[in-house]
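All remarks here apply to the structure that follows.
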DNA sequence: GTCTATAAATTGATAGAC
DNA sequence: GTCTATCAATTTATAGAC
């Protein structure tokens, strides 16, 4: 029996699902435990039975995204050719961004996530290695701007409410084409 | 004597500047009036002497961005050719995004801003007209994805801390080239 | 314009019954 | 696993002195 990452159907999973929905709508700081409890029809104390603190909920909700990021990092770092390495990194980034869509991707632009990463060594390491794969050493401003543009473009698109009707497949296909057009064989990197 | 939009040097302007800095760092919901007051060395009551409420501060801080957006809308709507119209819209968007940089652009991805827009007719109208200029009618999914990608790429890049050392000029020039490469003469629109 | 003091509501979090 | 009740701290916001 395959168990979901979040433990599908459990009380804990219901809290995480509700929390993610609220985080996406109001941001982490704008979401109270009361909102989360209300949206699943339980009291606040019940939420605290599943998680020690609000930060714990944020961490648990974001974990799948960091797991995916770690997988991409492991795979990409094994590639020696710089261009191929960056292409695999961006492709992997796009894949897990689409996979989580409104879930983890929204958390990526929340100030609370930055605090979380800074407070945990393991997350800091993953994010740093991931950033290094994207930017690398000695990249010129043009290349750095391009990378920033592509990653933010991907994050923004997958979480865009105006694109909710677009299927994961079409979104992935279109974004991959755009990202590759911008970064493949680009003379912006040195 | 030219007066700044925010009224440079006044107590009111100091509050707005401090507020924007905190909003950028912690998000609107994550910023308290205490933080704002502390960062300019005054009491909370002094902040309330300048603004009726926290929402008022958010509105005043974001106003310059909406003013610029309104200007772009007015100019672009006067253009009859659809392709030229969209190009001018994106170019104008890029210009005021870079002009405000860490200021208004950060607010653009804060959930509190969406609430503000929804609560004020005038802002809703401007944003709707701006969105229409970008997307228009009957645009295929590919085109909508591309527009989302470009706008979010621009917003993300200008607010990226890793690009703080890049000058406004270089940022503007590079992003314009990228945006035009993606949207000019594109067969994705119909 | 700024301060101190305080109100009124909400927040994250805990204790203990069922 | 959920509930009621509650706490301590914080938050937005106001009143009134200087």
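Each reported figure results from applying straightforward, stated rules to the coordinates on display, with no laboratory input. Computed from a predicted model, the values in this text were never measured in an experiment. FYI the Cβ positions are ideal-geometry reconstructions off the backbone, even for glycines, and counts take in every protein chain you see.
Using a simple spin-label model with points 7 Å from Cα along the Cα→Cβ vector, what separation in nm is obtained for residue A:25 and residue B:135?
Each label point is offset 7 Å from its Cα along the Cβ direction, giving 2.0 nm.
Roughly how many whole Å is it from the C-alpha centroid of region B:155-172 to that of region B:108-149?
Spelled out, the Cα-based centre of one part sits 23 Å from the other.
Roughly how large, in nm² to one decimal, is the mean projection of the convex hull of the alpha-carbon atoms in chain B?
12.1 nm²
With 10 angstrom as the radius, rank B:80, B:148 by how many other C-beta atoms surround their C-beta, starting from the fewest.
The order, fewest Cβ neighbours first, is B:80, B:148.
Rank these for me by crowding, A:159, B:139, going from fewest to most other beta carbons within 10 Å.
Arranged by neighbour count, lowest to highest, A:159, B:139 become B:139, A:159.
Within 10 Å of each residue's Cβ, count the other Cβ atoms and sort A:158, B:58, B:88 from fewest upward.
In increasing order of surrounding Cβ atoms, one gets B:88, B:58, A:158.
Could you tell me the calculated FRET efficiency between residue B:49 and residue A:118, based on Cβ-Cβ distance and R0 = 30 angstrom, to the nearest 0.05?
With R0 = 30 Å, the Cβ-Cβ based efficiency is 0.30.
Grab the beta carbon distance between residue B:125 and residue B:13, set R0 = 25 Å, and tell me the FRET efficiency rounded to 0.05.
With R0 = 25 Å, the Cβ-Cβ based efficiency is 0.35.
For n ≥ 4 DSSP H runs only, could you compute -39500 (n - 2.57) per run for the protein assembly as shown, divide by its residues and tell me the 222 nm figure to the nearest 500?
That calculation yields -23000 deg cm²/dmol at 222 nm.
In degrees, nearest 10, range 0 to 90: what is the angle between the Cα axis of helix A:54-77 and the longest Cα principal axis of chain A?
That works out to roughly 30 degrees.
Counting only Cα, what are the radius of gyration and maximum Cα-Cα distance Dmax of the protein assembly as shown, in Å?
21.3, 74
May I ask you to work out the translational diffusion coefficient for region B:44-145 at 20 °C, viscosity 1.002 mPa s, via Stokes-Einstein with Rh from the Kirkwood sum over Cα pairs, reported in whole µm²/s?
144 µm²/s
When the expected Rg is taken as 2.2 N^0.38 Å, what fraction or multiple of it is the alpha-carbon Rg of region A:105-172?
Dividing the Cα Rg of region A:105-172 by 2.2 N^0.38 Å gives 1.31.
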